[in-house]
Amino acid sequence: MSVDGTISHFKRPVERPFTREERDRVTVLLGGMTVAHDRLMRAGLQGLGYLAERVPVPEKADFQTGKEFGNNGQCNPTYFTVGALVNHLVRLRDERGLSTKQILSDYVFVTAGSCGPCRFGMYETEYRLALRNAGFDGFRVILFDQTGGSEQSTAGGGFEVGPGLFLALLNAIFMGDLLNAVFFHSRPYEVEAGRTEWVREKCLALCEEALRTGDAADEGARENPGVLARIIQQMRNPHYVKVLERCREIIDAELEVDYTRPKPIVKITGEFWAQTTEGDGNFRMFSFLEEEGAEVLVEPVATWIDYTLHDLHLYLKDRRGVVEQPVQSVDGIPENGGVRALVRRVRHFSDHLKKEIALGIGERVLSREYERMRAALGGTVHPLANQLELQRVGHPFYNARATGGEGYLEVAKNIYYYNRDLAHMTLSLKPFGCMPSTQSDGAQAAVVANYPEMIYLPVETSGEGDVNAYSRVQMALGEARVRCKEEFKAALERSGYRLEEVRAYVTGHPELRRPLLSFPHVRGVVGRAANFILHVASLMDRDPEWAARSLHRPGGAQLGSPA
């Protein structure tokens, strides 16, 4: 209601679009995920001809800025990401000497958006409010819906939304997922402190260069931009596979690990942003866990993409036979039956079938490309969890049709990694007051009741409260550490060798100190060190020199069967 008492409905402000003509001078800002993902996606955009720059990983100062210029009652990711953007623009103005007019003209910010039962749907509004309050009114925010596409009112042709952009970002995300997983599982076992970070930087630089330059095969895709042609070219293109094979060689040649040191494995789940960011947004939980002697099992972004496709597939299946019947036909005669209704049903079924087939192909291409890159990096990273299996194990506790947030994923991943002996403990990170995560926590109570040996801890994150969170994590991690040590001790007894003997054998065989060494995962054994002990013991048993020394072993212990 205005001052004079007239009532006017709210209308979304008209924003100046990002046009194709501006692409050569306007810089696209992006951020919000891990350092690796942000750097690789920036390189992917640069490879397509965009000017791109990443916003640094949000810190506590960004949280305070987000609260200062935004609304009250928003969630943790909103404050951190909004504040990070505002502070980045302030640095452009105050440190680089750009005027506010230049910033509004020469920069745009691209982010994800959606709707649903959480505050994620309000992020775009929060960005615009905070930018206006901070003195950057009119700064352009381009919103990409998580189910695909962009808002043309803000994209304005500056972004060419198509298979080229989608596949470039997909390649960047896959490489970021795999590199993160490899270095998180290597870092706790590194022999030389800090060496992992040096190798990681080298591999990231190689992947960035590959995404910026592409290869000759990409030229054909630009000449024939059809969706099918671009997908086929992607599946046949060995360019990124070769880069990851080179990374594998570097990792195994320049990084040495000692897998005879037991570390409890902590699987990270929770709300998408909180489980992904590496900064203060989740209390820097990954580095804290490593300082406490744990191995962190991070969640790939590819799982979320796969889940989004699978969820849309479920929606289409549910509506396959639902046809909206018009009340009357053009001539005024009701159409509840007859030839016209039959034709409409056939068309409806045909359209749905085409969409389901396209989604099915998309899901298979995604899994195939991820697996191809995973194999190129040594194959030691866990493959993408099958969505049908996740749905099957999660549905009894959390209905698969209840969407929003992570949906059934939080519950399903907890059960999946426990049943498969892949983690000693599950840590679920989420923003304060996140409704979908709160629903998930309610379902987790039933999960833990059905799996009493499971170690599961939900932690709500905010800009404060890190000391309390660390204390809770330490208590749960203490139990996981005890299980890990008991498991390791049992593995040594099962092997029939002393730890000193195993380490002596590893010292004499440099290939056993490679980070990407592949060895069987024995059923019922979780820890990397315990599985490694059993693997080395089997090698020692088959080694004539060591077999002669181990005649004292009682009855030739059975080492178990691979999972």
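The values are calculated or read from the model by the stated rules, or taken from the named source; none is laboratory data. Just so it is clear, the model here is predicted, and its values are computed rather than measured. Note that each Cβ is placed from the backbone with ideal geometry, even for glycine, and that neighbours are counted across all protein chains shown. All accessible areas refer to the heavy atoms of the entire protein, side chains included, with ligands and DNA or RNA removed. Shrake-Rupley method; radii C 1.70, N 1.55, O 1.52, S 1.80 Å.
Just one of (1) surrounded by 22 or more Cβ atoms within 10 Å (Cβ to Cβ); (2) within 17 Å of the chain's Cα centre (by Cα); (3) in a helix (DSSP H, G or I); (4) of a type outside the set (S, T, N, Q) fails for residue 240. It is (2). In region 244-282, the qualifying residues are those that are in contact with a strand residue (DSSP E or B) (Cβ under 6 Å, 6 or more places away or on another chain) and in a loop (DSSP other than H, G, I, E, B), and the one that is nearest to residue 513 (Cα to Cα) is 263.
Yes/no per residue for (1) more than 27 Å from residue 435 (Cβ to Cβ); (2) more than 26 Å from the chain's Cα centre (by Cα):
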{"site": "44", "(1), (2)": "yes, no"}
{"site": "60", "(1), (2)": "no, no"}
{"site": "70", "(1), (2)": "no, yes"}
{"site": "78", "(1), (2)": "no, no"}
{"site": "88", "(1), (2)": "yes, no"}
{"site": "99", "(1), (2)": "yes, yes"}
{"site": "136", "(1), (2)": "yes, yes"}
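Do we find a residue being of a type outside the set (Asp, Glu), over 22 Å from residue 303 (Cα atoms), open to solvent by 10 Å² or more (accessible area, probe 1.4 Å) and modelled with pLDDT of 95 or more anywhere in region 112-131? No, the conditions are met nowhere in region 112-131. Just one of the listed residues (40, 30, 45) is open to solvent by less than 50 Å² (accessible area, probe 1.4 Å), within 24 Å of residue 278 (Cα to Cα) and modelled with pLDDT of 95 or more, and it is 40. Considering only residues in region 375-390 that are open to solvent by 30 Å² or more (accessible area, probe 1.4 Å) and either of a type in the set (A, V, I, L, M) or assigned to a helix (DSSP H, G or I) (or both), the one that is nearest to residue 319 (Cα to Cα) turns out to be 388. If the condition is being in contact (Cβ under 8 Å) with a residue 40 or more places away in the chain and open to solvent by less than 40 Å² (accessible area, probe 1.4 Å), then region 445-455 contributes 447, 454.
Contact map, region 388-415: first residue modelled with pLDDT under 90, second residue surrounded by fewer than 24 Cβ atoms within 10 Å (Cβ to Cβ) and of a type outside the set (D, E, K, R), Cβ cut-off under 6 Å, separation 6 or more or different chains; pairs are 400/391; 404/116; 404/117; 404/118; 404/436; 405/118; 405/436.
Cβ-Cβ distances below 6 Å connect the following pairs, each with a first residue in region 199-225 that is part of a loop (DSSP other than H, G, I, E, B) and of a type in the set (D, E, K, R), a second residue that is modelled with pLDDT of 50 or more and open to solvent by less than 80 Å² (accessible area, probe 1.4 Å), and a separation of six or more residues or different chains: 215/239. Has region 463-481 got any residue that is of a type in the set (A, V, I, L, M), farther than 30 Å from residue 77 by Cα and at pLDDT 95 or above? Scanning region 463-481 turns up no residue that is of a type in the set (A, V, I, L, M), farther than 30 Å from residue 77 by Cα and at pLDDT 95 or above.
Being open to solvent by 10 Å² or more (accessible area, probe 1.4 Å) and modelled with pLDDT of 85 or more is a condition met by no residue of region 146-155. When residues of region 92-107 are filtered for being assigned to a helix (DSSP H, G or I) and touching a helix residue (DSSP H, G or I) at 6+ places or on another chain (Cβ under 7 Å), how many remain? Final tally of qualifying residues: 4. Picking from 257, 266, which residue would you name as being more than 24 Å from the chain's Cα centre (by Cα) and in contact (Cβ under 8 Å) with a residue 60 or more places away in the chain? Exactly one residue qualifies, and that residue is 257. Residues that are of a type in the set (Asp, Glu) and surrounded by 15 or more Cβ atoms within 10 Å (Cβ to Cβ) within region 511-543 comprise 541, 543, listed in sequence order.
Scanning region 546-559 turns up no residue that is crowded, with 16+ Cβ neighbours inside 10 Å, assigned to a loop (DSSP other than H, G, I, E, B) and at pLDDT 95 or above.
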